[in-house]
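Please read the structure below before turning to the comments.
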Amino acid sequence: MGQPQVSRHLRILSENGLVRSHTKGQMRIYSLEAQPFQDLDAWFDSFSVLWEERLDNFEDYMLDFMRKEDK
């Protein structure tokens with residue numbers, strides 16, 4: 001990826017609050033902002049119970065299917 005593409009991606013991330021930057025001499029230093037990622041993690045967690053239940057049901061189905069195949 002070339003420098004213009006990297007700069008564009010970093011600008012977009014910065015505009016959306018995912019990174020922040022500061023200038024040090026001629027360099028621009030970027031760091032991640034924790035809060036948006038924590039918000040995303042909390043949003044994913046809201047679905048975890050649903051997906052755990054569905055995966056447990058799928059596991060039960062597959063175990064039952066395999067037992068029937070063995071007979």
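Structure notes:
- Matching residues, the stretch 1-44, being β-branched (V, I, T) and touching a strand residue (DSSP E or B) at 6+ places or on another chain (Cβ under 7 Å): V19, I29
- Options S21, S14, S31; residue that is open to solvent by less than 80 Å² (accessible area, probe 1.4 Å) and not in a strand (DSSP E or B): S14
- For the stretch 43-63, the condition holds for at least one residue, the condition being that it is of a type outside the set (F, W, Y), modelled with pLDDT of 95 or more and open to solvent by less than 70 Å² (accessible area, probe 1.4 Å).
- Residue check, S31 modelled with pLDDT under 95 and among the polar types (S, T, N, Q): no
The values are calculated or read from the model by the stated rules, or taken from the named source; none is laboratory data. This structure is a prediction, so every number in the text was calculated from the model and none was measured. Cβ atoms come from the backbone with ideal geometry, glycine included; neighbour counts cover every protein chain shown. Note: areas computed on protein heavy atoms with side chains; ligands, DNA, RNA excluded. Shrake-Rupley method; radii C 1.70, N 1.55, O 1.52, S 1.80 Å.
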